[in-house]
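The values are calculated or read from the model by the stated rules, or taken from the named source; none is laboratory data. Model, not experiment: these values are computed from the prediction. Heads up, the Cβs are rebuilt from the backbone with ideal geometry, glycines too, and the neighbour counts pull from every protein chain shown. Note: areas computed on protein heavy atoms with side chains; ligands, DNA, RNA excluded. Shrake-Rupley method; radii C 1.70, N 1.55, O 1.52, S 1.80 Å.
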Amino acid sequence: MSRSILRSSLSEMARPTKRIALVVAMLCAVRYGAAQDTPLLSGGVGFLTSTNGGNTTYSPVIEPLIAIPIGDRFLVESRAILIESFVPDQTGYDHNHFIALTYLQGDYLASRHLTIVGGSFLTPFGTFNERLSPVWINNLQDGPLIAGLGTGTGTGLGGELRGSAISRNKYSIDYVGYFSARSGNEQFNSQRSAGGRVSLYLPDNRVEVGLSYGRLLQGTQENFYGMHVWWEPKDTAFRLRSEFARAHHAQGYWIEADYRTKAFGGLDSWVGRIEPVLRMQQTFRRDQIVSDGLPLVNTQRVDFGLDYNLPHNTRILTSYARQFSSTGDKNIWETGIVYRFLFPTWKGK
């Protein structure tokens, strides 16, 4: 979940009793997995700052992730988020806290071509929501402006069918289809929707191209269309990622590139740990009806990032963004430090 989505969610605070119940439920799930294989506890912890219009917000965040294998074919996985934001106000600083499950799902490996997923899952539209949103993966603190197009609340409550339709030496085709029910539950908020994604991967060129489709099935029904292109050239540490999304009222795109050099002693040298990042994005209004969470006017934004990859899965994130629109231009400065952890919850038998 991106910081832009998180900020909009901070006003809907979970009650303390539900926060305690959430933690207890995750611990119970861990104990249940002990009877089979060893569960893995992973995730990230970070301290982030964002300066927008001269006001600086401080946000310590924890995103734990747990994977519990049960037998050879079943897996339970979940991710949660705990964030405390210190926001400037007229008297100094106020603080808000937020804790919730990002998703909680069960995966059943039916065959080599099909996995059946049930529960609360990340909406598989585009690539950012499923692949890049965790705090320890995202190269920049903020998600793209179009991150909410096609994903709704970010999660669905229902089921998925996904897997590899075709796998050859020269290419492979992956698919996912989903249906989500409507839910106003505080922890499992979702919209009634359906859709899917198809991706073609060319291993020789290390290129992935995919198409996404989603349909909102409640209220004013809408269609969402998306496309993504990823390119990671072989034997380099260069990555190019991009997405385009179109809805009934707005559309937009983002392109992001990052690079680490091997020329001065490899990726583990002090120079090789430096990672410049560039993201360019634009959104366009198709009309003035607001239902998608995008800016109310056409907006352009460019982010310049300079990350440093310390040993032991620790990253320093720094970035400067300039946003342009008819309502006014603004500068956004962001810094942070993020640590990714991974260990078994206990020794296996």
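Between the amide H of S172 and those of Y201, distances stay under 5 Å, these residues lying 5 or more places away or on another chain, with hydrogens modeled in the peptide plane.
With each label modelled as a point 7 angstrom along the Cα→C-beta vector, the L267-I173 pair spans 3.1 nm. The range 141-205 and the range 210-249 have Cα centres spaced 10 Å apart. Over all projection directions, the Cα-based convex hull of the range 145-277 averages an area of 10.4 nm². Between L296 and L114, how high is the FRET efficiency from 1/(1 + (r/R0)^6) when r is the Cβ-Cβ distance and R₀ = 51 Å? Nearest 0.05. FRET efficiency, L296 to L114: 0.75.
Provide the net charge surrounding Y103, with neighbours chosen by a C-beta distance below 13 Å and charges set as Lys +1, Arg +1, Asp -1, Glu -1. Summing Lys/Arg as +1 and Asp/Glu as -1 gives -4. The GluC sites (Glu not before Pro) of the range 114-195 meeting both criteria, a DSSP state outside H, G, I, E and B (loop) and at most 14 other C-beta atoms within 10 angstrom of the site's C-beta, are E186. Across the alpha-carbon set of the range 85-151, the Rg to Rh ratio works out to 1.13, Rh being the Kirkwood radius. Counted residue by residue at 0.36 nm each, then reduced by the alpha carbon distance between them, the extension gain from R182 to L310 reaches 41.8 nm. Once the convex hull of all Cα atoms in the range 180-230 is built, its volume per residue stands at 86 Å³.
In this label model, T220 and D72 are separated by 5.3 nm, measuring between points 7 Å along each Cα→Cβ vector.
Rolling a 1.4 angstrom probe over the protein heavy atoms with all chains in place gives the chain an accessible area of 50 Å² per residue.
Distance between the pseudo-spin-label points of V198 and I337 (7 Å out from Cα toward the beta carbon): 4.8 nm. In summary, the convex hull built on the alpha carbon positions of the chain has an orientation-averaged projected area of 19.2 nm². Across the range 146-210, the volume of the C-alpha convex hull divided among the residues equals 92 Å³ per residue. When Lys and Arg each count +1 and Asp and Glu each count -1, what net charge do the other residues less than 11 Å away from G226, Cβ to Cβ, add up to? Net charge in that neighbourhood comes out at +1. The residues neighbouring I255, those whose beta-carbon lies less than 12 Å from its own, together hold a net charge of 0 under the Lys/Arg +1, Asp/Glu -1 convention. Compute the whole-percent fraction of alpha carbon pairs in the range 76-188 spaced more than 18 Å apart. Tail fraction, whole percent: 62.
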